[in-house]
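Have a look at the structure below, then the notes.
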Amino acid sequence: MHVLDNCSGVKKQLKRKINALQLFGFLDHPGKGNNIKLELHFLSMKEQLLNYVKRFVQPTPEEAEYFLSLFKPRKYLKKQFVVQAGDICLVESFVVSGCLRSYFVDVNGEIHIVQFAVENWWISDMESLIKNVPSQLNIDALVDSEVLQIEKTDFENLLVKFPKFEKMFRLMLSNAFISHQRRIIDNLSVPAKERYLNFIKNHRDVEQLVPQHHIASYLGMTPEFLSQIRKKLTSEKFS
């Protein structure tokens, strides 16, 4: 049986248990049925991650089961840190819901956002994770967020045991490098207005979740300047 089919079967069983508990009023009391609800939610998170994996590789049931077993669920509240500058980054995080950001603070106290991560995106401080050195980045939640996390040692064991997943992560890193390179070129050569238009075209999900001053930081401009761009765009739209 395919792992996703098995997940779906288990989810159906859990939903039947929840319906039965609701029928007899057991869920009206704190704590009753909570474990079943959490298990059902965790299965949904795993299912989402596996669907993402299948964009890159087609794991066998054994490979998929082992892969998913390495991930632990974690919920972060708004403004809660995943890692702080100076700490060692120990995990790679797959975002199930919400929005995280990585950023650094310069000597003048200005915040510079390096990355946003929304649903089905990954985030970590790669240098800290790979080299085991203190992180230069802070990673925190911009809204309440849920992630699945894999630790470095588990990640390394995964690639040794099932090299197929190395292809997936290599493709992910290649895509991330291309995106990073394009962003550098845009910041050096593309006018601010076009950079903002490109951002909302390619990152509509981020634009809807985060405040404008965070987007301004990511684009390398002041919030006031971004506000002027938005006003001009609105004026052009209705002129």
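Each value in this text was obtained by applying a stated rule to the coordinates, not by laboratory testing. Small disclaimer: the values here were computed from a predicted structure and weren't measured. Heads up, the Cβs are rebuilt from the backbone with ideal geometry, glycines too, and the neighbour counts pull from every protein chain shown.
In region 73-86, the qualifying residues are those that are farther than 15 Å from Ser145 by Cβ and exposed (fewer than 15 other Cβ atoms within 10 Å of the Cβ), and the one that is farthest from the chain's Cα centre (by Cα) is Gly86.
Looking only at residues that are charged (D, E, K, R) and in a helix (DSSP H, G or I) in region 38-57, which one is farthest from Leu158 (Cα to Cα)?
Filtering first and then ranking leaves Glu39.
Return yes or no: is Leu171 over 30 Å from Arg74 (Cα atoms) and either surrounded by 13 or more Cβ atoms within 10 Å (Cβ to Cβ) or of a type in the set (Asp, Glu) (or both)? No; evaluated as a whole, the condition is false for this residue.
Scanning region 53-72 for residues that are out of contact with any Lys or Arg (no Cβ under 9 Å at 6 or more places or on another chain) and within 16 Å of Ser145 (Cβ to Cβ) returns a single hit, Lys72.
Against the criterion of being touching a residue at least 40 places away in the same chain (Cβ under 8 Å), closer than 23 Å to Met45 by Cβ and in a helix (DSSP H, G or I), Leu171 qualifies.
Screening region 99-109 for residues that are part of a loop (DSSP other than H, G, I, E, B) and free of Cβ contacts under 8 Å to residues at least 60 places away in the same chain and picking the one that is nearest to Asn51 (Cα to Cα) gives Asp106.
Can you tell me which residue within region 194-229, out of those that are surrounded by 15 or more Cβ atoms within 10 Å (Cβ to Cβ) and among the charged types (D, E, K, R), is farthest from Lys79 (Cα to Cα)? If we take residues in region 194-229 being surrounded by 15 or more Cβ atoms within 10 Å (Cβ to Cβ) and among the charged types (D, E, K, R), then Arg195 is farthest from Lys79 (Cα to Cα).
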